Structure formats: structure tokens, C-alpha cells
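K.L.:
I'd like to ask you about the structure that follows.
What follows draws every value from the coordinates through simple rules; no lab data is involved. Please read all numbers here as calculations on a predicted model, not as lab measurements. Cβ coordinates were reconstructed from backbone atoms using ideal geometry, including for glycine residues, and neighbour counts include every protein chain displayed.
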């Protein structure tokens, strides 16, 4: 009787291990199959280049005189979702300041045409648009999400790739307040 219970417990544990190993393998396979959504950084931290955005592009205002912040995100990117809190704090700190906000995401087949729903209540303060991943990379020189670009008079003065660290968040807040972003 004892031996049967022991073997039953071993069998249950083995079944659980097989089940979770299968789920882990599926998750790794899904992650590896999505290179266009979250890629490795090709130009991490690149700065000093002028934005070349065509007239009529919803994000063209980022290249206009003045200050702008561009958020590059992926709807299916967990790091982008986690970074929304940082971006929300930046938007709150920018109230009453002369800073424009833009959000760009890689377009995906089957995704809703209007990316503004991702931003919820923040959509009033952010001009959001989707574009092919290659186009986003060519325009903003980042290929990883999330990324935060600080733009002054059409020139990218700082790019923070990945979720904002405390130091990067302070740099973005300084930029929004009118100072140089620093480090």
C-alpha cells in the first residue's frame, strides 16, 4: 500500500514535470519566433542624428522645432508594458510644459489599426502610430522595444533602449523639465 502511494506520487510529479517542460519549451519557441517584435539592439543609445520623417506622417511633429519624446513600444512586449508606468510618470511631469509626445509601434498583421487604445487615458497626450518594423528602425535607429528617444529641434539628443532605469528616468524627466538629459 505504501509502495503504491509512493509510486503514485512519483508518477504525479513526473507528469507535472513533463507538462511544465512542454509549456516552457513552447514559450521559448514562441519567443524565438517573434524576432520582429523584440529584436536585439542594432544601434543602442545612438544619438546626434536628425529625424527624417515625411510630411503627412503622424509622427512628423517629432522632427519639428522644440522638444519631443518618442516612445517605441511593442504591444506584445512585456518590457514595454512594464515601462508604461515610467512613461506615464513622464507624461504627468510634462503637464504644462512645451514637450510633444509620440509613440511608435511595429505594425503587425491582424493588429487593430488604431494603436491609441494601447495607451488608454494617456492617448490624449500621445500621438500614436504604427509602421513596419524596418521603417521604424530606419527612422529612429532602434530595433528593440521599449526605447525612449529625446528629440530637440528634430535631432535625437539621447536614446534610452530597454526599460527605463532609475538614472534613465531621471534623464528623461530632466529633459521634459527643460534641462539637458545628462548621463
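K.L.:
Looking at region 50-83, which of its residues are surrounded by fewer than 14 Cβ atoms within 10 Å (Cβ to Cβ), more than 10 Å from the chain's Cα centre (by Cα) and over 20 Å from residue 178 (Cβ atoms)?
P.N.:
Within region 50-83, 50, 52, 54, 55, 56 meet the criteria.
K.L.:
Enumerate the helices (runs of 4 or more DSSP H) found wholly within region 76-183, keeping only those where 2 or more residues are within 17 Å of residue 60 (Cα to Cα) and out of contact with any strand residue (DSSP E or B) (no Cβ under 7 Å at 6 or more places or on another chain).
P.N.:
Hits in region 76-183: 133-140.
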